[in-house]
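Report on the structure given below.
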Amino acid sequence: MAAATYRRGMRIGRAIVSRRPAALVLVTLTAVTVGVSSPGTAHARTRNPQLFWRWSDGVDDASRTFDVDRYRTPDQLPRLIVATDPATAGQVVTLQFEQAGTWLTDDRTRTDSHGTAAAELNPYCENGDWCERTFAYRLVVNGASTAFTITYTS
């Protein structure tokens, strides 16, 4: 299914600096190798990048619950720190959530010169209120993706 750009609500600010050091916890995907050949040439191989991610606050859970009483604004939520191997600048990192069987874009950013990017969560629904439900999320970079769940409560 094609991803549609959609915002559940208004984004409030962007925090860039991590609030405390985070242990590097990596979730990896198996690299996909594609063989390309033509008559009379050696078999060449290209590799899609591997995708790694961690939470900026150091928690190493793939499923998280965020409560409005603790995280009052989106800039207080931890970010998803994404890295690729090989590290390449300018790769598009898309954070998507699933709604009614369709993947919708929550945030889109690009990797820096070190091949890393910070994706931000948006806990607000269309009506401007903090969402109160569980969402299936995924990070997508050059065809590689990884899934996790987030529950917003109040």
Here are some conditions: (1) in a loop (DSSP other than H, G, I, E, B); (2) of a type outside the set (A, V, I, L, M, F, W, C); (3) surrounded by fewer than 19 Cβ atoms within 10 Å (Cβ to Cβ). Ser145 meets all but one. Which one does it not meet? (1)
Sort out which residues of region 115-138 are at pLDDT 95 or above and over 20 Å from Asp67 (Cβ atoms), and write them in order of number. Thr116, Ala117, Ala118, Ala119, Arg138
With the requirement that a residue be surrounded by fewer than 18 Cβ atoms within 10 Å (Cβ to Cβ) and either in contact with a Phe, Trp or Tyr (Cβ under 7 Å, 6 or more places away or on another chain) or in a loop (DSSP other than H, G, I, E, B) (or both), what does region 99-130 give you? Ala100, Gly101, Leu104, Thr105, Asp112, Ser113, His114, Cys125, Glu126, Asn127, Gly128, Asp129
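Counting just the residues of region 131-142 that are of a type in the set (D, E, K, R) and over 17 Å from the mean Cα position of the chain (by Cα), which one comes out surrounded by the most Cβ atoms within 10 Å (Cβ to Cβ)?
Glu132
Every residue, every condition in (1) modelled with pLDDT under 95; (2) surrounded by 15 or more Cβ atoms within 10 Å (Cβ to Cβ); (3) among the aromatic types (Phe, Trp, Tyr), yes or no:
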position: Ala44; (1), (2), (3): yes, no, no
position: Asn48; (1), (2), (3): yes, yes, no
position: Phe52; (1), (2), (3): yes, yes, yes
position: Asp61; (1), (2), (3): yes, no, no
position: Arg64; (1), (2), (3): no, yes, no
position: Tyr71; (1), (2), (3): yes, yes, yes
position: Arg79; (1), (2), (3): no, yes, no
position: Thr84; (1), (2), (3): yes, yes, no
Matching residues in region 57-75 - criterion: being without any contact (Cβ under 8 Å) to a residue 12 or more places away in the chain and either over 18 Å from Leu139 (Cα atoms) or in contact with a Ser or Thr (Cβ under 6 Å, 6 or more places away or on another chain) (or both): Arg70, Arg72
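The values are calculated or read from the model by the stated rules, or taken from the named source; none is laboratory data. Everything numeric in this text was worked out from a predicted model, so none of it was measured. Don't worry about glycine lacking a Cβ; one is built from the backbone with ideal geometry, like all the others, and counts go over all protein chains shown.
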